[in-house]
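The values are calculated or read from the model by the stated rules, or taken from the named source; none is laboratory data. Only a predicted model underlies this, so the values are computations on that prediction, with no experimental measurement involved. Methodologically, a virtual Cβ is constructed for each residue, glycine included, from the backbone with ideal geometry; neighbour enumeration extends over all protein chains shown. Ligands, DNA and RNA are stripped out before the accessible areas are found, and what is left, the full protein with its side chains, is counted by its heavy atoms. Shrake-Rupley method; radii C 1.70, N 1.55, O 1.52, S 1.80 Å.
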Amino acid sequence: MASIHNAVLDLKRLDLLANGNSSIHRLDARAKVLVTLIFTICVVSNDRYELTALFPFFIFPVAMISLANLPPLFIMKKIALLCPFVVAVGIFNPVFDRVIILQLGSIGISGGWISFASIMARSTLTVGAAFILVASTGFTAVCQALEGLGMPKVFAVQLLFLYRYIFVLTEESGRASRARELRSCGKKGQGIHSFGSLVGHLLLRTWQRAERIHMAMLARGFTGAFHASRQSRFGIPEIRFVLAWSALFIFLRFQNASQLLGSLVTGLFP
Amino acid sequence: MTTPVLELHEVSFTYPGGVTALDGFSAGITRGRRTAVLGRNGSGKTTLFSLLNGLKRPQKGVIKLNGEPLRYDRQGLLKLRQAVGMVFQDPDSQLFSACIYEDISFGPLNLGLPEAEIRNRVDKALTQMKLTDVANRPTHALSFGQKKRACIAGVLAMQPHVLILDEPFAGLDPVMAKEFMVVLDQLHQDGTSLIIATHDLDLAYAWADDVIILQDGHLLTQGKASEQLVLPSVHNELGAAPLVAELGRVLALTGTDVYGNGYHPRTGTELVQALIHQSRQEIDP
Ligand SMILES: Nc1ncnc2c1ncn2[C@@H]1O[C@H](COP(=O)(O)OP(=O)(O)OP(=O)(O)O)[C@@H](O)[C@H]1O
Ligand SMILES: [Mg+2]
């Protein structure tokens, strides 16, 4: 549990990065949310056997990380954290899909492996883009932007509460498991029984604490709407940002840039 | 007589589980004064505070702010929370933002203040609570006392007329407690009505103008701190007496009346001064 705890503390660090002051940070949140959405759609909608066409899309996360001054290693580690889940989802592709569709010398590569790699690439891209969005915008502002872009307010606020609840849950679970460890005298586990009651207890405690946090929010004038501390408007820089990136994404989606480049090179040097 | 800033008439509150935390409770808070609320664990202090801030609604009775019954609609509650600020007992249930700066600006943002005003207020609150150095630190990477101060700053930034604090001194080191006392005195001078719950009788005796003493959800007694905290019935209920009051009583039994000339020592230092004053008078009357 301690490792989950640390992972979430890192998530808070993601939120802290949003206090930065780069040109990307200063952009209106709606512009960044919009671009990230278009990016995600363009990446996800690629064919399942598509791999080379995905590579040029990496330009977006790379550019954003450098423009927003985000720590690249930290973001990569966050993405790597999700790898086991993605592998679990994609690992059956090579098992079921054994048709060889690519011949590299004497080694035949099955469609399963290609689609597996494609899933990995797509999730790295989209998850990375989401992390970068939060790190350069802040979760509150993202939710607000979603609301501004037409998501019902109830959902936006729910999303924010869910996000906060994750923190509460892990902090409480960290505490509970520490208390248990301290009194378990070095014995590793105390069986499923104690674990069951721990989980039940944990739910009650987090629920209670979430309730108290909600009270404290009400006491400070919370009326169901979140206000971002950065006030901005959708101006010329935002329009430019959205247009330029979405034009690129749409081009990359319908033109396989790697192939284009490849045929150009082979065309020049036959 | 001016109207009390907050008053409760026959207020009863029962928790969903069936525990009646307050039962036919009536009391008044005088404007601009320092009120200490005392009572044993579970006597209903925290419940009382949540009622005053509109977080809970009494099943019976009326609560009035400036002579007007509380309104529980959205607008009424927002006004109430602007007027009556509340700092909770447990700092961990109050800080929910990534960093302190963001957390303190939460209240002013909800009040819909302009950006520059919010920045001013947050900076002022940070300075008041000596948090400027840790303003951008993540909230989870703070000591208990720092978290506690951050909670107080979050409410100060809303600039309420009435400030309610549940055990504000618990967990602060003596230096911080003293400095916070100075902040409270400043607020008091600016006209803020202060209400604190505490288990520290000496502090209540030294600091408070008025006291409200609870006993199992009922009002045991209410009045001037100097008059109420010397009553044997109060000592019985709370299980202790303020040290200075005890000393004064014992001295009076031995023939030294420190309460002469209407002077009322409230702290150890004041008591010593009163004693010195008296012995001088005995030497040359
Ligand atoms: N959420 C709750 N649900 C049910 N009963 C509660 C709840 N909170 C408090 N109570 C009960 O209400 C009574 C008054 O509690 P309250 O928290 O107001 O006491 P308190 O004077 O603040 O105590 P302390 O000095 O320990 O902080 C207690 O008997 C308590 O058990
Ligand atoms: Mg309490």
task = Just subtract the alpha-carbon distance of A:ASN19 and A:VAL62 from 0.36 nm times their residue separation and send over the number in nm, one decimal.
result = 13.5 nm
note = The correct ranking of B:HIS161, A:HIS227 by accessible area at 1.4 Å, largest first, is B:HIS161, A:HIS227
ask   = When chain B is modelled as a GNM with alpha-carbon springs shorter than 10 Å, which of B:TYR101, B:TYR15, B:TYR205 fluctuates the most?
value = B:TYR15
ask   = Do you know the relative contact order of chain A, to the nearest whole percent, from alpha carbon pairs under 8 angstrom that are 6+ apart?
value = 33 percent
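Send over a whole-number figure in Å² for the accessible area per residue of the range B:43-147, probe 1.4 Å.
Here the per-residue accessible area is 42 Å².
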note = Connecting every pair of Cα atoms under 10 Å apart in chain B and solving the GNM, the largest mean-square fluctuation among B:GLN75, B:GLN146, B:GLN128 falls on B:GLN75
request  = Return the whole-Å distance between the Cα centroid of the range B:121-167 and the Cα centroid of the range B:222-285.
outcome  = 36 Å
task = Determine the distance separating the Cα centre of the range A:124-183 from the Cα centre of the range B:19-36; give it in Å without decimals.
result = 39 Å
request  = Once you have a ≥ b ≥ c as the square roots of the Cα gyration tensor eigenvalues for chain A, tell me rounded if a/c is under 1.5, and otherwise prolate or oblate according to whether a/b is larger than b/c.
outcome  = oblate
ask   = Straight-line reach from B:LYS64: which aspartates and glutamates have Cα under 14 Å away, leaving out those fewer than 8 places along the same chain?
value = B:GLU7, B:GLU10
note = For B:ASP210, the accessible surface traced by a 1.4 Å probe with all protein chains present amounts, in square angstrom to the nearest 10, to 20 Å²
key: Label-to-label distance, nm, for residues given as B:GLU179 and A:TYR163 (7 Å Cα→Cβ offset)   = 3.3 nm
request  = Would you mind giving the average projected area, over all directions, of the Cα convex hull of the protein assembly as shown in nm² with one decimal?
outcome  = 36.9 nm²
Alpha-carbon spread of the range B:86-142, three principal axes, descending order, Å = 29, 23, 19
ask   = In the range B:53-151, what is the volume of the convex hull around the alpha carbon atoms, normalised per residue and reported in Å³?
value = 120 Å³
key: 10 Å Cβ neighbours from other chains, averaged over peptide B:49-57   = 2
task = Quickly work out the B:ALA170-to-A:ALA247 label distance, labels modelled 7 Å from Cα along the C-beta direction, and quote it in nm with one decimal.
result = 6.2 nm
remark   = Expressed in µm² per second, the diffusion coefficient of the range B:163-214 from the Stokes-Einstein equation, with Rh the Kirkwood radius over alpha carbon pairs, at 10 °C and 1.306 mPa s, is 137 µm²/s
ask   = In debye to the nearest 20, how big a dipole does the range B:242-285 give about its Cα centre with +1 on each Lys and Arg Cβ and -1 on each Asp and Glu Cβ?
value = 100 debye
message = Treating only the Cβ of Lys, Arg, Asp and Glu as charged (+1, +1, -1, -1), what charge dipole size does the protein assembly as shown show about its Cα centre? Round to the nearest 20 debye.
response = 1760 debye
message = Between helix A:191-219 and chain A, what is the angle of the helix's C-alpha long axis to the longest principal axis, kept within 0 to 90° and rounded to the nearest 10?
response = 90 degrees
note = Surpassing 20 Å at the alpha-carbon level, of the pairs B:LYS148/B:LYS178; A:LYS12/A:LYS77; B:LYS124/B:LYS147; A:LYS32/A:LYS77, are A:LYS32/A:LYS77
query = To the nearest 0.05, how large is the calculated FRET efficiency for B:LEU253 and A:ALA225 if R₀ is 56 Å and r is the Cβ-Cβ distance?
reply = 0.35
task = Find the accessible area per residue for chain A; the probe is 1.4 Å, ligands and nucleic acids are left out, and the unit is Å².
result = 55 Å²
key: Neighbouring partner chain Cβ atoms per residue of B:104-111, average, 10 Å criterion   = 5
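What does the buried accessible surface come to for B and A, summed over both chains, with the probe at 1.4 Å? Round to 100 Å².
The summed interface area works out to 2700 Å².
Please work out the FRET efficiency for the pair A:GLU181 and B:SER143, using the Cβ-Cβ distance as r and a Förster radius of 22 Å; give the result to the nearest 0.05. Present the calculation step by step, with values, prior to reporting the outcome.
Details: r = 22 Å, r/R0 = 1.02.
Step by step, r from the Cβ atoms, then E = 0.45.
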request  = Treat each spin label as a single point 7 Å out from the Cα along the C-beta direction, and report the A:VAL95 to A:PHE155 distance in nm.
outcome  = 3.4 nm
task = Would you look at the GNM of chain A, springs on alpha carbons closer than 10 Å, and say which of A:LEU54, A:LEU104, A:LEU70 moves the most?
result = A:LEU104
request  = Averaged over every viewing direction, what's the projected area of the C-alpha convex hull for chain B? Give it in nm², one decimal, please.
outcome  = 17.5 nm²
query = Treating the beta-carbon of each Lys and Arg as +1 and of each Asp and Glu as -1, no other charges, what is the dipole magnitude of chain A about its Cα centre, to the nearest 20 debye?
reply = 880 debye
Percent accessible area from carbon and sulfur atoms, the protein assembly as shown, protein chains only, probe 1.4 Å = 62 percent
